[in-house]
Amino acid sequence: MADPKKLFIKTYGCQMNVYDSERMVEAMGGAGYEATDTPDDADMILLNTCHIREKAAEKVYSELGRFKGLKTEKPDLKIGVAGCVAQAEGAEIMKRQPMVDLVVGPQAYHRLPEMEEKTRKGKKALDTDFPEEDKFEKLKSRPKAKRAPAAFLTVQEGCDKFCAFCVVPYTRGAEVSRPAERVIREAQDLVERGVREITLLGQNVNAYHGEGLNGGSMTLAQLIWELDKVDGLERIRFTTSHPNDMQDDLIEAHGTCKKLMPYLHLPVQSGSDKILKRMNRSHTAESYIRLIERIREARPDLLLSGDFIVGFPEETEEDFQATMDLVREVKYGQAYSFKYSTRPGTPAAERPLVDSAEADDRLQRLQALLRDQQTEIQDSMVGREVSVLLEREGREAGQMVGKSEYLHSVHLDAKGLKIGDVARAKIVKSMTNSLTGELI
Ligand code: SAH
Ligand code: SF4
Ligand code: F3S
């Protein structure tokens, strides 16, 4: 048999891209490829890209520029662009960077092996269709390779919300949910391969409405309860959610499902009702705050995470202060905040921009507040008992690193334990980005 060819994938953007990259590696395994960590010895380089902000999209072109030399040295090297830039820009990418051999959108990954074959014949391959068939079913994993203890599992793709700033509904298409039976089968397979924690993924995962086990459709909470029955699976998480899709059964599950971890990423984007309206978010600051109260009633120790955009068109200092007020009231243990970036083709792209320096200044003030909250909440873990899923060896002998229920990184001496075990630990110290624990 011929030596396997080498595939180098670089992944940008959200967790769904991480999941897709893993699936692509597995799909290309069937075409005689194995993954490599270095572009230098690759026969194929694939960039799995993100289009969410201008900077993210531009990164792709500078990265492609860096591979130019390699391609000159090794004319057989194939270069491909996958992900959301591929979907948004399609053939434009090949025009701008003629050395690109292949462009594949997120819904067409199962066609990757045939596309690669086409490039081997010296042709360009382009596929940005939204085909009828389920790409996940076609992207069957190669059986039984051992997996790390924490894994992603995509259950839903696309978004129907059309927030005025966002490219996702265009790059990932309409909301589609995978049938529950397939999700459960994949979860069982992951557990057999060593996985103990599964994060269910979707651009709008709490809008999940996949085909249920006995026909009809299933909510995300019902799916979580089915996964709760999977022996050997210890932890369930899900991301990302929209406030308007937090249904009662999902809120309740946070209090009653032991495997569902007390961590929730629930983006609000802004604290100003005027801006929320212009963003087409269809919730208010008040309705969001009430929602958080209800979820915290179900699960008082919940750690909340969020996303924010500052400098959205027509945001005044007063609107920005409303965001700061909301953050002070809600208190986030973790957060992502961004300066608004104009995305061509989205409704907000036509609107007048906030002064760039002013937006930078607001972002700094918001990030300082979020950082303080994050530190305060992390520090408050000292003295508490947590469970830690051990994910890797630490720097010193006998030391291991894992994640608490609240997704904090925890370092501890874990002699006698192994990767994949869940340790009980008492937190003794809080550092910049992690905690130190002692085994109980
Ligand atoms: N589906 C998820 C995530 C979407 S993208 C959700 O609804 O929350 C992740 C985050 O990127 C968004 O929550 C938003 O805060 C940010 N984002 C999206 N488009 C943006 C833009 N044009 N400029 C700046 N930030 C943006
Ligand atoms: Fe984008 Fe809004 Fe959909 Fe999230 S809910 S993916 S921000 S359109
Ligand atoms: Fe980026 Fe696409 Fe994810 S735009 S955030 S990679 S859905």
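The values are calculated or read from the model by the stated rules, or taken from the named source; none is laboratory data. Note that the structure is a prediction, hence the values are computed from the model and not measured. Counting neighbours? That spans all protein chains shown, and the Cβs are built from the backbone with ideal geometry, glycine included.
When you go through (1) in contact with a helix residue (DSSP H, G or I) (Cβ under 8 Å, 6 or more places away or on another chain); (2) within 20 Å of L435 (Cβ to Cβ) one by one for E396, which number turns out not to apply?
All conditions are met except number (1).
For K71, indicate whether it is basic (K, R), part of a helix (DSSP H, G or I) and in contact with a Leu (Cβ under 8 Å, 6 or more places away or on another chain).
yes
Say we look at segment 109-126 and pick out the residues that are crowded, with 22+ Cβ neighbours inside 10 Å and under 25 Å from the mean Cα position of the chain (by Cα); which of these is nearest to I79 (Cα to Cα)?
Going through the qualifying residues, I end up with L112.
Would you confirm, using the coordinates I've provided, whether F136 is hydrophobic (A, V, I, L, M, F, W, C), more than 16 Å from ligand 2 (Cβ to nearest atom) and part of a strand (DSSP E or B)?
Against the criterion (hydrophobic (A, V, I, L, M, F, W, C), more than 16 Å from ligand 2 (Cβ to nearest atom) and part of a strand (DSSP E or B)), F136 does not qualify.
Check L200, L213 and return the single one that is at pLDDT below 95, touching a helix residue (DSSP H, G or I) at 6+ places or on another chain (Cβ under 9 Å) and more than 30 Å from Q321 (Cα to Cα).
L213
How many residues does segment 334-345 hold that are in contact with a helix residue (DSSP H, G or I) (Cβ under 8 Å, 6 or more places away or on another chain) and either in a loop (DSSP other than H, G, I, E, B) or within 7 Å of ligand 1 (Cβ to nearest atom) (or both)?
Here is the first cut: in segment 334-345, the residues in contact with a helix residue (DSSP H, G or I) (Cβ under 8 Å, 6 or more places away or on another chain) are 334-335, 337-343, 345.
Now drop any that are not either in a loop (DSSP other than H, G, I, E, B) or within 7 Å of ligand 1 (Cβ to nearest atom) (or both), which leaves 338-343, 345.
Residues that pass the stated criteria total 7.
Would segment 269-289 turn up any residue that is touching a Pro at 6+ places or on another chain (Cβ under 7 Å), at pLDDT 95 or above, crowded, with 22+ Cβ neighbours inside 10 Å and of a type outside the set (S, T, N, Q)?
Among the residues of segment 269-289, at least one is touching a Pro at 6+ places or on another chain (Cβ under 7 Å), at pLDDT 95 or above, crowded, with 22+ Cβ neighbours inside 10 Å and of a type outside the set (S, T, N, Q), which makes the answer yes.
Evaluate segment 208-216: report whether one residue or more is touching a Lys or Arg at 6+ places or on another chain (Cβ under 8 Å) and touching a residue at least 24 places away in the same chain (Cβ under 8 Å).
yes
If M44 meets every condition in (1) within 21 Å of L153 (Cα to Cα); (2) in contact (Cβ under 8 Å) with a residue 60 or more places away in the chain apart from one, which number is that one?
(1)
Return yes when A174 is within 16 Å of ligand 3 (Cβ to nearest atom), on the phi < 0 side of the Ramachandran plot and surrounded by fewer than 17 Cβ atoms within 10 Å (Cβ to Cβ) and no when it is not.
Taking the combined requirement at face value, the residue satisfies it.
For segment 7-40, what are the residues that are in a strand (DSSP E or B) and surrounded by 19 or more Cβ atoms within 10 Å (Cβ to Cβ)?
L7, F8, I9, T11, Y33
Do we find that A151 is assigned to a strand (DSSP E or B) and among the hydrophobic types (A, V, I, L, M, F, W, C) in this structure?
yes
Looking for something assigned to a helix (DSSP H, G or I) and buried (at least 19 other Cβ atoms within 10 Å of the Cβ) - is there at least one such residue anywhere in segment 41-57?
Checked segment 41-57: at least one residue is assigned to a helix (DSSP H, G or I) and buried (at least 19 other Cβ atoms within 10 Å of the Cβ).
Suppose we keep only residues that are over 18 Å from G210 (Cβ atoms) and surrounded by fewer than 16 Cβ atoms within 10 Å (Cβ to Cβ) within segment 224-249. Which one would you say is nearest to ligand 3 (Cβ to nearest atom)?
Within segment 224-249, the match that is nearest to ligand 3 (Cβ to nearest atom) is D248.
Quick one: which residue in G398, G383 is modelled with pLDDT under 95 and either among the small types (G, A, S) or in contact with a Ser or Thr (Cβ under 8 Å, 6 or more places away or on another chain) (or both)?
G398
In the set E314, E297, E358, which member is over 30 Å from D379 (Cβ atoms), part of a helix (DSSP H, G or I) and touching a helix residue (DSSP H, G or I) at 6+ places or on another chain (Cβ under 9 Å)?
E358
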